[in-house]
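What follows is one structure encoded as structure tokens, with my remarks underneath.
The values are calculated or read from the model by the stated rules, or taken from the named source; none is laboratory data. All values reported here derive from a predicted model rather than from experimental measurement. Cβ sites come from the backbone with ideal geometry, for glycine too, and all protein chains shown count toward neighbours. Each accessible area value is taken on the protein alone, full model and side chains, heavy atoms only, with ligands, DNA and RNA left out. Shrake-Rupley method; radii C 1.70, N 1.55, O 1.52, S 1.80 Å.
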Amino acid sequence: MFCGRKESETELGVMVGMNNTYICEDCAATVQQLYSQIREQVNATKPAPRVSVSDIPKPKAIKAYLDQYVIDQDDAKRTLAVAVYNHYKRLAQPESEDNVEIEKSNILMLGPTGTGKTLLARSISKLLNVPFTIVDATVFTQAGYVGEDVESILSRLLQAADYNVEEAERGIVFIDEIDKIARKGDNPSITRDVSGEGVQQSMLKLLEGTMVNVPPAGGRKHPEQQYIQVNTRNILFICGGAFDGIEDRIAQRLNAHTIGYDSVQSNMDIDRSNLMQYVAPQDLKAFGLIPEIVGRLPVITHLNALSRDALKRILTEPKNSIIKQYVKLMEMDGVKLSFDDDVLDYIVDKAVEFKLGARGLRSIVEAIMKDVMFELPSRRLKSYTVKLDYAKEQVMKSESLASHKIKAAS
């Protein structure tokens with residue numbers, strides 16, 4: 001045996017080599033672990049291939065790609081396409097005599113829930129050849145408290161880069177739910193706000209660019225742990241959040257000056273159904289983001305609330321649309337699935353009623369399709385059409401069941 005134990009002392013052994021030498025399961029696991037550690041060390045020192053300008057996807061190509069997955073939101077898609085394109089060019093910038101240094105421009109995306117912020121990030125990650133990761137800001141707390149340290153953002157980016165530090169240092173990070181770490185009051189807190197202002201303070205240098213000691217496996221830092229040093233200067237940060245209630249602050253600012261003919265004229269031009277488009281840095285500050293964070297997110301874009309027409313298109317048009325997913329699932333069982341047009345209109349009406357955006361579409365379709373998905377795989381049907389009466393019946397059943405559970409719990 002490789003480790004010296006007798007064959008009777010181990011459950012499983014494999015013969016290796018020509019000398020009847022056996023290696024047991026424990027030794028094989030140890031060797032695999034050693035190989036993994038060596039691979040990490042090699043990857044950490046291996047230089048990342050330099051970005052070539054000719055390989056950079058142009059902004060129009062990036063937007064065209066995003067159009068396949070995200071309906072509407074042209075302003076956000078154009079802003080994101082330009083920012084990513086400039087990030088590539090910044091990485092490809094050669095040494096020049098004029099010493100012009102291109103700075104990165106981190107992005108902040110605002111929009112109601114279910115409008116496509118996270119979907120935009122996930123879609124663009126499929127197109128990029130730089131490491132990309134999505135993290136949730138709600139799990140972070142100030143260092144020393146229960147929760148995750150901000151540095152764990154970079155742990156996930158390192159994992160996406162297969163622990164190649166140089167490659168990770170040119171990656172892109174999407175921080176979701178950043179509005180949830182807004183400080184709890186308009187004034188700086190005199191007590192600890194460990195999951196709000198404290199996290200924002202911890203993010204400052206990370207967003208701007210600094211050398212960070214990152215725990216390889218993520219989680220809490222402790223003195224005995226070995227760290228990987230990552231420079232965040234070339235990492236592009238894209239932040240997203242619903243910022244629920246910020247419209248009130250925008251409206252308050254726009255109506256701040258109501259004296260004089262000019263102010264009346266300007267107020268008449270304001271689209272009060274979509275105040276998010278007028279968002280300004282002072283609104284973010286009033287919402288609870290500290291000025292230093294706002295200054296490090298210079299590119300601000302918004303996503304519009306989805307109209308009925310957009311919701312219906314989301315149901316059927318994108319490559320990963322909900323209807324196409326269910327059609328594909330039933331196709332794997334040999335059943336051709338279809339939906340009547342009035343069923344699609346009904347799904348959209350319920351989504352508008354629930355005010356959950358595109359996420360509401362999935363929950364409604366799930367309620368309609370639950371019994372169908374249970375029954376059809378066992379039946380010898382070649383086609384099935386979802387009718388309006390059946391859809392209404394299933395949604396009503398789901399709503400009554402939910403209300404019954406709430407009453408039982410109370």
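Descriptive notes on the structure:
- Positions within region 112-132 being open to solvent by less than 10 Å² (accessible area, probe 1.4 Å), among the small types (Gly, Ala, Ser) and either on the phi < 0 side of the Ramachandran plot or at pLDDT below 80 (or both), in sequence order: ALA121, SER123
- Filtered residues of region 352-365 (kept if over 18 Å from LYS117 (Cα atoms) and open to solvent by 20 Å² or more (accessible area, probe 1.4 Å)): VAL352, GLU353, PHE354, SER363
- Meets criteria (of a type in the set (S, T, N, Q), modelled with pLDDT under 85 and buried (at least 16 other Cβ atoms within 10 Å of the Cβ)) for GLN142: yes
- Being modelled with pLDDT of 85 or more, in a helix (DSSP H, G or I) and in contact with a Phe, Trp or Tyr (Cβ under 7 Å, 6 or more places away or on another chain) is a property that holds for LEU207.
- Counting the residues of region 82-107 that are touching a Phe, Trp or Tyr at 6+ places or on another chain (Cβ under 9 Å) and closer than 24 Å to MET276 by Cβ gives 2.
- Yes/no for LYS370 being outside any loop (DSSP other than H, G, I, E, B) and of a type in the set (D, E, K, R): yes
- Residue in region 44-62 that is modelled with the highest pLDDT, counting only those that are under 30 Å from ILE314 (Cα atoms), in a loop (DSSP other than H, G, I, E, B) and open to solvent by less than 70 Å² (accessible area, probe 1.4 Å): PRO57
- Positions within region 330-351 being open to solvent by 10 Å² or more (accessible area, probe 1.4 Å), in a helix (DSSP H, G or I) and in contact with a strand residue (DSSP E or B) (Cβ under 8 Å, 6 or more places away or on another chain), in sequence order: GLU331
- Cross-chain or 6+ apart pairs with Cβ under 7 Å, region 286-303 first and closer than 15 Å to LEU275 by Cα, then polar (S, T, N, Q) and assigned to a loop (DSSP other than H, G, I, E, B): LEU303/GLN73; LEU303/THR115
- Test set (1) more than 21 Å from LYS370 (Cβ to Cβ); (2) modelled with pLDDT of 90 or more; (3) in contact with a Ser or Thr (Cβ under 8 Å, 6 or more places away or on another chain); (4) of a type in the set (A, V, I, L, M) - LEU337 fails condition number: (1)
The rows are residues; the columns are (1) surrounded by 10 or more Cβ atoms within 10 Å (Cβ to Cβ); (2) at pLDDT below 75; (3) touching a Pro at 6+ places or on another chain (Cβ under 8 Å).
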site: VAL14; (1), (2), (3): yes, yes, no
site: MET18; (1), (2), (3): no, yes, no
site: VAL42; (1), (2), (3): yes, yes, no
site: ALA64; (1), (2), (3): yes, no, no
site: ALA76; (1), (2), (3): yes, no, no
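- Listed conditions (1) open to solvent by 30 Å² or more (accessible area, probe 1.4 Å); (2) touching a residue at least 24 places away in the same chain (Cβ under 8 Å) are all met by ILE322, apart from (1).
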